[in-house]
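Q: The structure follows.
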Amino acid sequence: MSHDPHCLFCKIVAGQIPSRKVYEDEHILAFHDIHPWAPVHILLIPKLHLSSLAEATEAHAEVLGRMTVLAPKLMRELGVTNGFRTVINTGADGGQEVYHLHMHVMGGPRPWAKG
Ligand code: 5GP
Ligand code: ZN
């Protein structure tokens, strides 16, 4: 499924729910997390709906690779200079709450609220 009308992050991609956008291209959207754990906390998502990393196939390898190499670039642009944390929560035991794959990227001076 490329767009799930019930999915929160598909609605953000479609502009039906507002977000504080950091980056956008044809395949990827990055925006600030609404409840940040760290001074800088963004989410990187593929624009096409993919419920979790558990559902990823070879077809997703390129977009997942692009998200990974985009993370340090966006952190630099957001002024993060002392390292950052990347997290992909997957499934119930992985603590996933929104079932549209997203990479958390968190940085900025500690202490953080979480993580
Ligand atoms: P998960 O637990 O699924 O890995 O993380 C979901 C993340 O999405 C949480 O950190 C939560 O704060 C964030 N989030 C949930 N709803 C919204 C929203 O409407 N807008 C934004 N920007 N972030 C959201
Ligand atoms: Zn979705």
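The values are calculated or read from the model by the stated rules, or taken from the named source; none is laboratory data. This is a predicted model, so every value here is computed, not measured. Positions of Cβ are backbone-derived with ideal geometry, glycine not excepted, and every protein chain shown enters the neighbour counts. Ligands, DNA and RNA are excluded from the accessible area calculation, which covers all protein heavy atoms including side chains. Shrake-Rupley method; radii C 1.70, N 1.55, O 1.52, S 1.80 Å.
Q: From A56, A61, A38, A30, grab the single residue that is buried (at least 17 other Cβ atoms within 10 Å of the Cβ), of a type in the set (G, A, S) and more than 14 Å from ligand 1 (Cβ to nearest atom).
A: Details: A61 fails: buried (at least 17 other Cβ atoms within 10 Å of the Cβ); A38 fails: more than 14 Å from ligand 1 (Cβ to nearest atom); A30 fails: more than 14 Å from ligand 1 (Cβ to nearest atom).
After applying the criteria, what remains is A56.
Q: Sticking with this structure for a sec: Can you tell me which residue is nearest to H35 (Cα to Cα) among those in the stretch 57-83 that are free of Cβ contacts under 8 Å to residues at least 24 places away in the same chain and outside any helix (DSSP H, G or I)?
A: Within the stretch 57-83, the match that is nearest to H35 (Cα to Cα) is T81.
Q: Next question. Within 15 Å of ligand 1 (Cβ to nearest atom) and farther than 20 Å from T90 by Cα: which single residue out of P46, P18 fits that description?
A: Going through P46, P18 in turn, just one is within 15 Å of ligand 1 (Cβ to nearest atom) and farther than 20 Å from T90 by Cα: P18.
Q: Taking the residues in the stretch 72-102 that are in contact with a Phe, Trp or Tyr (Cβ under 7 Å, 6 or more places away or on another chain) and not β-branched (V, I, T) as candidates, determine which candidate is farthest from ligand 2 (Cβ to nearest atom). If you could, list the steps in order and put the result at the bottom.
A: Going through the stretch 72-102, the residues in contact with a Phe, Trp or Tyr (Cβ under 7 Å, 6 or more places away or on another chain) turn out to be 74-75, 98, 100, 102.
Among the residues that remain, those that are also not β-branched (V, I, T) are: 74-75, 100, 102.
Values: L74: 21, M75: 24, H100: 3, H102: 9 Å.
The selected residue is M75.
For every residue, the table says whether it meets (1) among the small types (G, A, S); (2) within 22 Å of I12 (Cβ to Cβ).
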{"site": "D33", "(1), (2)": "no, yes"}
{"site": "L43", "(1), (2)": "no, yes"}
{"site": "L50", "(1), (2)": "no, yes"}
{"site": "A56", "(1), (2)": "yes, yes"}
{"site": "V63", "(1), (2)": "no, yes"}
{"site": "E77", "(1), (2)": "no, yes"}
{"site": "V80", "(1), (2)": "no, no"}
{"site": "K114", "(1), (2)": "no, yes"}
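Q: Condition (residue is more than 14 Å from ligand 2 (Cβ to nearest atom), under 24 Å from M75 (Cβ atoms) and either open to solvent by less than 40 Å² (accessible area, probe 1.4 Å) or assigned to a strand (DSSP E or B) (or both)) applied to the stretch 9-21: is it met by at least one residue?
A: yes
Q: Taking R110, is it under 20 Å from E24 (Cα atoms) and basic (K, R)?
A: It is false that R110 is under 20 Å from E24 (Cα atoms) and basic (K, R).
Q: Another question, if that's okay. Restricting to the stretch 84-93, give me the number of residues that are more than 21 Å from P39 (Cα to Cα) and either touching a residue at least 12 places away in the same chain (Cβ under 8 Å) or part of a strand (DSSP E or B) (or both). Write out each step before concluding.
A: Just the residues of the stretch 84-93 that are more than 21 Å from P39 (Cα to Cα), to begin with: 90-93.
Remaining after also requiring either touching a residue at least 12 places away in the same chain (Cβ under 8 Å) or part of a strand (DSSP E or B) (or both): 90-91.
Residues in the stretch 84-93 being more than 21 Å from P39 (Cα to Cα) and either touching a residue at least 12 places away in the same chain (Cβ under 8 Å) or part of a strand (DSSP E or B) (or both): 2 in total.
Q: What is the residue count in the stretch 71-96 for residues that are among the aliphatic types (A, V, I, L, M), open to solvent by 50 Å² or more (accessible area, probe 1.4 Å) and under 13 Å from the mean Cα position of the chain (by Cα)?
A: 1
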